[in-house]
Each structure stands twice: as C-alpha cells, then as structure tokens.
Amino acid sequence: MAAQEDAVPVLWWGSREEGLNLESCPGSSVADMTTTILPGASRFSIGALARAGGVSVDAIRFYEREGLLPLPERTSGDHRRYPPRALDRLVFIRVGQGLGLRLDEIKELADACDQVPDCPVTHAVELLRGRIAAVERQLEELTGLRERLVHAVERMESRRDGGDFIADAVLPVSGAENDR
C-alpha cells in the first residue's frame, strides 16, 4: 500500500459550490469548471496536474524551470508532488497566455500576487494596458502590410496582359514603391 505522500489525487468536475472554481475569460480555452481533490489525496503527481490543467508534462517542467510554478515537494522515490495551489497557478498561467501576456509578464504578476493576500489590481491593469498598446501597434503594422499586399495585387493585375510579367517591375525589392 502506498504511503500518503505517494497518493495521487482523484479529480471530479462539479458545480461552483462543490470545489475549487477555475474561472475562464473571453478567448480562454479554460472552461468554467471546478475541481475537488478527494479527501485523503492531498497532492498531484506531475501527470495528474498536467491533465487537470490541460497541458503536457513537458509544459509543467518548463514552467518549473522558468520559475512560473514553484518547485514541488519530492517523495522518497523522487517523484514530484504538487499541492492544490499548483493547479491554481497553472490556470493563472493559461489565462494570462489567453490574454496575450508574455511568460515573463505572467511570472511578474503571479509573483506580485504571491506577495499580498489580494492580487495587486493596479499592477495587473498596468500590464494589461501595456499589452493593449502592443496589440494596437501590431494592428497598425498589419494594416500597413495589408495595404502593401493590396497595392501589389493591384499592380500585378494592371500589368497583366495575358502573358508573364516581370516580378521586380511589380514588387519593388527596396520597398520604395514610388521608385518605378
């Protein structure tokens, strides 16, 4: 019979009142669900944590190396055992990724949340505003790219006479479209 520290948690999904609430957000792949660790099973194995969090075992190891997940306790057989809080952190990471945050930003926010009982909203708002500004810059760049593509297609169609066309006459190599 396995020792208590080797017990693998059994999970079930239920209503919000039955267990740990895992919130989703728009665009997140984390569904509204709850998990409860059955009495007597207090730790996740790496495989159980990966399944519960919807990631691979390799992702768990990567998050540990990057400092996103705290290093777990080890059994006498050197097996990882994660507390239920590790699932909370894993969901936090996935929601952050769903919001487009970089892993270093997620770590910064998670570490800040670990320092105080309530996650510092001001810090989270600053990070998200920075992400919004980055998305707006990307949209501007993509709009410019779209305009260049449309212009290239129009130039190709205007020079098509039923035969072949010379690509560099239509698609300037230098990017300066007014050179020709």
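Residues checked against (1) modelled with pLDDT under 60; (2) in a helix (DSSP H, G or I); (3) open to solvent by 100 Å² or more (accessible area, probe 1.4 Å); (4) under 30 Å from E105 (Cβ atoms):
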{"residue": "A134", "(1), (2), (3), (4)": "no, yes, no, yes"}
{"residue": "T143", "(1), (2), (3), (4)": "no, yes, no, yes"}
{"residue": "H151", "(1), (2), (3), (4)": "no, yes, no, no"}
{"residue": "E157", "(1), (2), (3), (4)": "no, yes, yes, no"}
Exactly one of (1) without any contact (Cβ under 8 Å) to a residue 60 or more places away in the chain; (2) surrounded by 13 or more Cβ atoms within 10 Å (Cβ to Cβ); (3) assigned to a helix (DSSP H, G or I) is unmet by R94. Its number? (1)
Output the residues belonging to region 97-125 that are charged (D, E, K, R) and either open to solvent by less than 70 Å² (accessible area, probe 1.4 Å) or in contact with a helix residue (DSSP H, G or I) (Cβ under 6 Å, 6 or more places away or on another chain) (or both). E105, K107, D111
Return yes or no: is L87 touching a residue at least 60 places away in the same chain (Cβ under 8 Å) and open to solvent by 30 Å² or more (accessible area, probe 1.4 Å)? no
Can you tell me how many residues in region 41-77 are open to solvent by less than 60 Å² (accessible area, probe 1.4 Å) and either acidic (D, E) or in contact with a Cys (Cβ under 8 Å, 6 or more places away or on another chain) (or both)? 1
Determine the pairs where a residue that is closer than 16 Å to L68 by Cβ and aliphatic (A, V, I, L, M), located within region 110-127, has a partner that is assigned to a loop (DSSP other than H, G, I, E, B) and open to solvent by 50 Å² or more (accessible area, probe 1.4 Å) with Cβ atoms under 8 Å apart, the partner being 6 or more residues away or on another chain. A112/C119
Within region 98-109, which residues are without any contact (Cβ under 8 Å) to a residue 24 or more places away in the chain and either farther than 19 Å from R85 by Cβ or among the charged types (D, E, K, R) (or both)? R102, D104, E108
At pLDDT 90 or above and either over 20 Å from the mean Cα position of the chain (by Cα) or assigned to a loop (DSSP other than H, G, I, E, B) (or both): does that describe R81? yes
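The values are calculated or read from the model by the stated rules, or taken from the named source; none is laboratory data. Owing to the predicted nature of the structure, the values given are computational and were not obtained by experimental measurement. In this analysis, Cβ positions are derived from the backbone assuming ideal geometry, glycine residues included, and neighbour counts consider all displayed protein chains. All accessible areas refer to the heavy atoms of the entire protein, side chains included, with ligands and DNA or RNA removed. Shrake-Rupley method; radii C 1.70, N 1.55, O 1.52, S 1.80 Å.
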